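To start, the structure under review is shown below, and the notes come after it.
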Amino acid sequence: MSAPVLEIRDLSRRFGGLEALAGVSATVGEGSVLGLIGPNGAGKTTLINLVTGHLAPSGGSVLIDGRDLTGARPWTIAKARVARTFQIIKPFRGMTVRENVSIGAMFGSARTASPRRAAARTDEVLAQVGLTARADATPQELSVAETRRLELGRALAIRPRLLLLDELMAGLRHGEIDAVLELLRSLKAEGVAIVAVEHVMRAIMSISDQVFVLHEGRELTRGNPAEVVADPRVVEAYLGERYARRSREAGRA
Amino acid sequence: MATSTPPARGVKAPPTDTASARERSPARSPWLGWGTAACVLVLLALLPSQLYGGQQRLLAGVFMFVALAQAWNVIGGFAGYASFGNVAFFGLGGYTTAVLMVKAGWSFWLALPVAGLIGVGFAVLVGIPAVRLRGHYFAIATLGVAEGTREVVVNLPRLTGGGAGITVPAVGPEATTSYLGNYGFYQAFLVLAGLSTLAVWALARSRFGYALRAIHQNEDGAAAIGINTTRVKVGAFALSGLLTALAGAIYAFQQVSIYPDRLFDVSITVLMVVMAVFGGSGTVFGPVLGAVGLQFLSEWLRTHYTEAHTFIFGAIIVVAIVFLPQGVVSFSRDAWKRRRVSLLETVRTYRL
Amino acid sequence: MTQLTQATVYGLLQGGLFALVAVGFSLVWGVMNVVNLAHGAFVITGAYIAWKLADAASVPPLLGMLAAAACLFAAGYLLQRLLINLIVNAPIWMTLLLTFGLDLLIVNGLVLLFTGDFRSIPTGYATSGLRLGQVRVPYGRLLGFLLAVGLTLALVAFMSRTRMGLAIRATGMDRGAARLMGMRVRHVYAVTFGIAAALAGAAGAILGTVATFNPADAGRYTLQSFVIAVLGGLGNMWGALAGGILLGVVTAWGGQYLSGTLVNAISFGVLVVVLLVRPTGLLGRPYYELRQEA
């Protein structure tokens, strides 16, 4: 069996005295979705930053397609066909939607892409994320949902094998979430491995093959979505001990 | 073309070069642009026969600053890394030329490319560590490097003549190259200004230019899609260094006698920044406008208000920064697009 | 050996004064992200105010210093409130350029008013000094040092014990949050800038008693303040004190053994190396990571 698309072994990161992430290990195979949940401050974005090279780990390793890319710079990781979205989305303002996406197409591949091939890829991606009609708009003119799709489009332009999403669905309406989920399912079908950090439980439940719960920088539990969400420890971590206790007592009564 | 809507109220969108996004898809024939540029250049080349020495020197100075402003534009305007030490390249280019001509007896035309190479080399040397810094730190580090370079030059008197300066033999049997004269230097600076503007124009359309702009607007995002930000930034710095060093080289020959305080004068840096910013940093023609406008303004002030001209210049800078920080080119474009001229809008965007 | 000791003492005394010059600059940068290229001009203005008062009205230098501080506080407050607040949200080089323009204005204004001649403020005790063993400690510089350190300590106390001081620190850390808690940020910023200008002016007045000055010196004090602010960490007053003294001593030592201008090169070299190795300064915190913009 070939190596998983993403493997993290015993990954950790400290900031001075703060252990943002400690001893985290996981694997994600082709076409599978790993949902990453946990209360705020649990270390989810740190984990993504460690995988994409925006932060260097204090310990542990990151393997992409079997290659050890621990501590590599972000552009090296991008050329290894790893893409991500950012929690705070900052599209390239001075450029149109099309130009935003085409930059990814131009630089994302291991070989330099000719403008013609980049343009073809750009059109593909714009169609995939449903922004063809808005291709000539500037990012300021887009709605929130459209901006998210642009962010996703920019990531997809590099033809990723691994896609890391940082709270892509935050603040979206029901219909918009469904549209994004549909898109993610089609990517899954194409064999893209996905790690999705989310607070929107509906999204996690419907799309994840496995869910990984982070709490205070460490793994709390993992398993399939139904198991994890029912796990009392997870409820406690998210909602606090007193609430968890009260809801258990209410459940018994 | 999609219809454009103005940004929502309360959204603080600093003036960006959004207009250029549309202009990059040329609706009119590119030959029109090329033709105009060619005509302008030919006119400028022929102009000196109509002018006398002092005016030729003035225009030569204008062209020099066009080149300097464009050079700064690459690293400061496009990449967004405001270098406050570009004068280091200017001085190094000038001193390399002078030293080669005086000590080694080289011809100016041989020394010139070497000066350019020194500019590139120094930019790479300083750039690799420096581009790890952001914002003010980069500005100050480059400023520190420029000041330090001047001090080093001053402290190598056997090579550079130290604080007293060095003189290039321009006439007589010692001269390795005959002095170019007013017309010659006019042409030399004109060619450099043209090349610099051409370089920036080509840059703006190229992959490299896109990479620079991406880095400027979202460096982490740029890195995440595969742009080697270190290499791109150092490359921009190197181009900036090259053009600035060439300007310094020609300047040194023109002045004949050079000394460190002049060739490494920090006001040269500030002038080139002011010109690029007021004209419009990140645009192709902004620095041209800025250099032309500010040089003429400076000259006019100098002749009409000899004592107070720097004072007035300072006042003008202050006023212009407050009302036109995005530069004349972007301001005009936006005003033209929206058929509305509003100086106060910018103030409202940036004020506390 | 005595030469080295003399140089060290001299450097200490000088360094204290450098620290006073730099602390306001560092404060403004740390709190408001404004790099004030006109800072040196404030210093020289303070010197001129004290000089003019001494010259025209025989005002003793100490009072002259207070007058300079007061005038510059008012001027700094107004400048910030009416002008610099207009571009606080703009990209960094705008504040650099704006303050550069201001610097041109002020320096050349001083030249127009007072000409470029060298001036100094005469004091009764100018030439006498203590003797500590083999080392001579001039009264003028000693007094200057004590005043400088005293004012810096007063600033530290102000920042940690008064409401306004806390407001300034809070606003520096998170402008948006400070606003939401009811602080009048425009006023706080203006007070900060005023304090910085006042300290610069006081430093200038003191400097005028121990050395000559003229408008062209302004740039040197600004650049010096850069180095000290970076060395000590932005907005860190103890850091500015330490950095100032360090720079004073290093410059004095350097002046003993190296030619004058190479010393400048060294201080810039130190600056660049520190920036590359530890951008937070010797004592500071990671500036760009910790800021929250409004």
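Taken together, the values in this text are just the output of simple stated rules run on the coordinates, not laboratory data. Just so it is clear, the structure is predicted and the values come from calculations on it, not from any experiment. Ideal geometry is used to build each Cβ from the backbone, glycine not excepted, and the neighbour counts take in all protein chains shown.
Structure data summary
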item: Globularity ratio of the protein assembly as shown, using Cα Rg and 2.2 N^0.38 Å; result: 1.03
item: Axial C-alpha extent at least 15 Å, average Kyte-Doolittle at least -1.0 - helices from chain A (DSSP); result: A:97-107, A:115-128, A:144-156, A:174-189
item: Region C:1-80, relative contact order in percent, only Cα pairs under 8 angstrom and at least six apart counted; result: 18
item: Likely footprinting exposure, A:68, A:136, fewest C-beta neighbours within 10 Å first; result: A:68, A:136
item: For region C:1-140, with +1 on Lys and Arg beta carbons and -1 on Asp and Glu, the positive-most of C:61, C:121, C:10 along the dipole; result: C:10
item: Region A:35-115: proportion of alpha-carbon pairs further apart than 15 angstrom, %; result: 65
item: Size of charge dipole - region C:84-208 - debye, nearest 20, with Cβ of Lys, Arg +1 and Asp, Glu -1, no other charges; result: 420
item: Translational D in µm²/s for region B:59-208 (Stokes-Einstein at 20 °C, 1.002 mPa s, Kirkwood Rh from C-alpha pairs); result: 128
item: Paramagnetic label zone (point 7 Å from Cα along Cα-to-C-beta, residue B:125; backbone N under 16 Å) in region B:147-182; result: B:147-156, B:159-160
item: Sites residue A:199 and residue C:277, calculated FRET efficiency, Cβ-Cβ separation with R0 60 Å, nearest 0.05; result: 0.90
item: Hydrodynamic radius (Kirkwood) for region B:153-308, which is based on Cα pairs only, to one decimal in Å; result: 18.3
item: Relative contact order of region A:93-158, defined on C-alpha pairs under 8 angstrom at six or more residues apart (%); result: 50
item: Whole-percent pair-distance distribution, where bins are 10 Å wide, for the alpha carbons of region C:153-196; result: 30, 58, 12, 0
item: GluC sites (Glu not before Pro) within region B:265-352: DSSP coil, no more than 16 neighbouring Cβ in 10 Å; result: B:307
item: Whole-percent pair-distance distribution, where bins are 10 Å wide, for the alpha carbons of region A:48-195; result: 12, 41, 36, 11, 0
item: Whole-Å semi-axes of the ellipsoid equivalent to region C:125-245 (Cα gyration tensor, √5λ, descending); result: 33, 16, 13
item: Over chain C: helical MRE at 222 nm, DSSP H runs n ≥ 4 each giving -39500 (n - 2.57), nearest 500; result: -25500 deg cm²/dmol
item: Restricting region C:63-132 to chymotrypsin sites (Phe, Trp or Tyr not before Pro) in coil, as DSSP defines it, with at most 13 other Cβ within 10 Å; result: C:118, C:125
item: Projected label distance in nm at residue B:206 and residue A:143, using a 7 Å step from Cα toward the beta-carbon; result: 4.1
item: Rh (Kirkwood; distinct C-alpha pairs) - region B:232-288, Å; result: 12.7
item: Alpha carbon Rg of region A:93-158, scaled by the compact-globule rule 2.2 N^0.38 Å; result: 1.01
item: Within the protein assembly as shown: Cβ-based charge dipole about Cα centre, in debye rounded to nearest 20 (Lys, Arg +1; Asp, Glu -1); result: 920
item: Rg to Rh, two decimals, where region B:224-352 supplies the alpha carbon set and Rh follows Kirkwood; result: 1.04
item: Selection from B:104, B:179, B:89 lying farthest towards where the dipole of chain B points positive, charges on Cβ; result: B:89
item: Hydrodynamic radius of region B:105-164 per Kirkwood, over alpha carbon pairs, in Å; result: 13.3
item: When the convex hull of its Cα atoms is projected in every direction, mean area for region C:1-140 (nm²); result: 10.6
item: Separation in nanometres of the label points that stand 7 Å from Cα toward Cβ, at residue A:123 and residue C:74; result: 7.1
item: Surrounding net charge for residue A:206, when Lys and Arg each add one and Asp and Glu each subtract one, Cβ distance under 13 Å; result: -1
item: Folded to 0 to 90 degrees: helix C:139-161 orientation relative to chain C principal axis, Cα; result: 20
item: Of the DSSP H helices in chain B, those whose Cα atoms cover at least 27 Å axially and whose Kyte score averages 0.5 or more; result: B:53-72, B:108-130, B:135-154, B:181-205, B:229-255
item: Neighbour-count ranking [beta-carbon atoms within 10 angstrom, fewest first] of C:39, B:136, A:215; result: A:215, B:136, C:39
item: Ratio of the Cα radius of gyration of region B:96-138 to 2.2 N^0.38 Å, where N counts its residues; result: 1.59
item: Residue B:347-residue A:219 FRET efficiency (beta carbon distance; Förster radius 35 Å; 0.05 resolution); result: 0.10
item: MRE, 222 nm, helices only [DSSP H, n ≥ 4, -39500 (n - 2.57), over chain B, to nearest 500]; result: -23000 deg cm²/dmol
item: Most positive-pole-ward Cα, B:234, B:160, B:251, against dipole of region B:140-279 from beta carbon charges; result: B:234
item: Of every Cα-Cα pair in chain C, the percent that sits beyond 26 Å; result: 42
item: Euclidean distance of C-alpha centroids, region C:166-239 and region A:1-34, integer Å; result: 46
item: Charged-residue dipole, Cβ positions (Lys, Arg, Asp, Glu), region A:93-158 about Cα centre, Debye nearest 20; result: 240
item: Mean projected area (nm²) of the alpha-carbon convex hull when chain B is viewed from all directions; result: 19.9
item: Estimated 222 nm signal from helices in chain A, with DSSP H stretches of n ≥ 4 weighted -39500 (n - 2.57), rounded to 500; result: -12000 deg cm²/dmol
item: Relative frequency of Cα-Cα separations exceeding 26 Å in chain A, percent; result: 41
item: Relative contact order computed over chain C (Cα-Cα under 8 Å; 6+ residues apart), in percent; result: 38
